[in-house]
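Student: Below you'll find the structure I mean.
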Amino acid sequence: MKRLSAILILIAALLSPIALAARTTEVSVSYGIAPAMRSLGAYHHGWHQLDNWGAVNATIDHSFAPNLWVGLSYTYSSSQSDHALANRYGKIVYHGLMANVRYHWWNHGPVSLYSHVGIGALVQYFTPSWEDSYNRNTMAFQVSPVGIEFNPLPSLGLFGEVGYGVQGIAKVGIRLGF
């Protein structure tokens, strides 16, 4: 019963007159495949044969001008290897925090195309089998020249991006606006 009540409240909120007004703030969650941590040696400190499952991202953006969104994003990912260095194994956990800019350069009804860039910090937590755990801090980045957003409801958006960085080479997610 509680689950049904929560779903009905969410639907009512999405369809409310407040949600039908122009949204100025958005919260999104997404999944990115093949983040830069897998391919850039600076992100895995020379470890080899890393098995990376992707990246989970959470973002909050605010519209400061027509078609221009600025915000913050958090990225979580991890990698592990059975052969990190000379038959040694270990795991790396990544936490990224970035400032983002998104510009919608084509709008047609519920569909829009945009570009997205982000830059920030990436904290890497290494747990090798052959020594004590340690942290490294490096720059985080994301460059997505093409993204597409579909808004089936004024307060709900589905999106996908292609680019390169700590959030992945291809990213899909959902946005809620208010």
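Student: Give or take rounding to whole Å, what are the principal axis extents of the alpha carbon atoms in segment 71-178, in descending order?
Tutor: 57, 24, 22
Student: Residue-wise, which Karplus ³J(HN,Hα) couplings in Hz belong to segment 73-81, taking 6.51 cos²θ - 1.76 cosθ + 1.60, θ = phi - 60°, and x for glycine or proline?
Tutor: 9, 10, 10, 10, 7, 8, 9, 9, 8
Student: If you plug each phi of segment 57-67 into the Karplus form 6.51 cos²θ - 1.76 cosθ + 1.60 with θ = phi - 60°, what whole-Hz ³J(HN,Hα) values come out, in order, with x for Gly and Pro?
Tutor: Couplings: 10, 10, 9, 10, 10, 10, 7, 9, 7, x, 6 Hz.
Student: I've got another one for you. Mind listing the long-range amide H neighbours of Leu72? Cut-off is under 5 Å, sequence gap 5 or more, other chains count too, H placed in the peptide plane at 1.01 Å from N.
Tutor: Ile60, Asn100
Student: Moving on. Find the all-direction average of the projected area of the Cα convex hull for segment 45-114, expressing the result in square nanometres with one decimal place. Could the numbers behind the result be given before it?
Tutor: Numbers: hull surface 25.3 nm².
Seen from a random direction, the Cα hull of segment 45-114 projects 6.3 nm² on average.
Student: State the three equivalent ellipsoid semi-axes of segment 101-144, derived from the C-alpha gyration tensor as the square roots of 5 times its eigenvalues, in descending order and whole Å.
Tutor: Working: eigenvalues 307, 21, 6 Å².
Taking √(5λ) for each eigenvalue gives 39, 10, 5 Å, largest first.
Read the figures in this text as sums done on the coordinates, not as results from a lab. Everything numeric here is computed off the predicted structure, so don't read it as measured data.
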